[in-house]
Amino acid sequence: MPFDYYRIFYYVAKYKSFSKAAKFLHNNQPNITRCMNIMESELGCTLFIRSHRGIKLTPEGEQLYAHVAIAIQQISSGNDELNRTKNLKSGTVTIGVSETALHLFLLPKLEKFHKLYPHINLKISNHSTPQAIKALRKGFVDFSIVTTPLYCEHPLQSQRLCSFRDILIGGPSYRDIGFSPKRLRDLQDFPFISLNEGTATRNFYEKYFYQNQLVFSPDMETATTNQILSLVQHDLGIGFCPEALAKDYLDRGEIIEIPVKEHANPRDICLLTDSTRPIGIAGKKLLEILMDSEG
């Protein structure tokens, strides 16, 4: 039985009139009547009782209508929801993001997106780079924004968004060693503060020290870069931090930069996507903003 027959049946039963159903469906009454006659013939039962007062459903018609009404209403709701999604009046975007990528890159982009599309629900998961890659691979997020170093393989794809530089910082009591560049080896006796093992940042500095024939063995470990800043502020040690995140603290004189002769390479903030999973309309709009270098 063609679906259109059930749709016509629904509106004839709803309006209790062939002519009103025809008007709503932008059809003509003879065609509506013919379709219902065919439907009754194929189902082998009478669906309508016709009289000069109009029509009403037979018990079999009532039984069929109870099921058809649910289907039509669900389809209508689905169409309405899809239209809202297409018009960016509803929808959800899920993002896995590392702390550094959030503060250095993503926040102003989210601000712009939210002003343009305030009805889109954003779900942000704070992850380390390895965790964000895992979340994307398992399909928990639409895409991830993370910092290097990173390792991802097919079907994940990586695209560079921007670069940033880390600097070594210390609290007020380290001011004397900040006047001239120091060799990394000369700083080994100072207490280092670092992110926990398993993060991209920790991996980066373990490799950086190794390349300079040293072992990176921090005295304190934290979960976030903000915690590094707080601990450094209170003279508990020295640590590496993105220059942009440290700027306000440096300007206020709450911390100082300790120049290092062995310059660490700049790091990248990257967008990770899964080539096997389509991204919805709202997610694509956010990606356009992320990729807009002027935005």
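Quick rundown of the values:
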read-out: Subset of region 107-153 [of a type in the set (A, V, I, L, M), assigned to a helix (DSSP H, G or I) and farther than 14 Å from Asp274 by Cβ]; value: Leu107, Leu110, Leu116
read-out: Residues (outside any loop (DSSP other than H, G, I, E, B) and open to solvent by 30 Å² or more (accessible area, probe 1.4 Å)) located in region 163-176; value: Ser163, Pro172, Ser173, Arg175, Asp176
read-out: Subset of region 240-261 (residues that are closer than 16 Å to Pro181 by Cβ, among the aliphatic types (A, V, I, L, M) and either under 30 Å from the mean Cα position of the chain (by Cα) or not in a strand (DSSP E or B) (or both)); value: Ile258
read-out: Region 50-66 residues that are assigned to a loop (DSSP other than H, G, I, E, B), paired with ones that are open to solvent by 50 Å² or more (accessible area, probe 1.4 Å) and not aliphatic (A, V, I, L, M) (beta carbon under 7 Å, 6 or more apart); value: Thr58/Thr46
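To keep it simple, each residue is scored yes or no on (1) loosely packed, with under 13 Cβ neighbours inside 10 Å; (2) closer than 17 Å to Leu64 by Cβ; (3) of a type in the set (Val, Ile, Thr).
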residue: Arg7; (1), (2), (3): no, yes, no
residue: Tyr10; (1), (2), (3): no, yes, no
residue: Ser17; (1), (2), (3): no, no, no
residue: Lys20; (1), (2), (3): no, no, no
residue: Lys23; (1), (2), (3): no, no, no
residue: Asn37; (1), (2), (3): yes, yes, no
residue: Glu40; (1), (2), (3): no, yes, no
residue: Gly44; (1), (2), (3): yes, yes, no
residue: Leu47; (1), (2), (3): no, yes, no
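Every residue, every condition in (1) surrounded by 15 or more Cβ atoms within 10 Å (Cβ to Cβ); (2) part of a helix (DSSP H, G or I); (3) over 21 Å from the mean Cα position of the chain (by Cα), yes or no:
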{"site": "Asn203", "(1), (2), (3)": "yes, yes, yes"}
{"site": "Lys207", "(1), (2), (3)": "no, yes, yes"}
{"site": "Leu236", "(1), (2), (3)": "yes, no, yes"}
{"site": "His263", "(1), (2), (3)": "no, no, yes"}
{"site": "Leu272", "(1), (2), (3)": "yes, no, no"}
{"site": "Pro278", "(1), (2), (3)": "no, no, no"}
{"site": "Leu286", "(1), (2), (3)": "yes, yes, no"}
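The values are calculated or read from the model by the stated rules, or taken from the named source; none is laboratory data. Keep in mind that this is a model prediction, so the values were computed, not measured. Ideal geometry is used to build each Cβ from the backbone, glycine not excepted, and the neighbour counts take in all protein chains shown. Just so you know, the surface numbers come from the protein's heavy atoms only, side chains and all, with ligands and any DNA or RNA stripped out. Shrake-Rupley method; radii C 1.70, N 1.55, O 1.52, S 1.80 Å.
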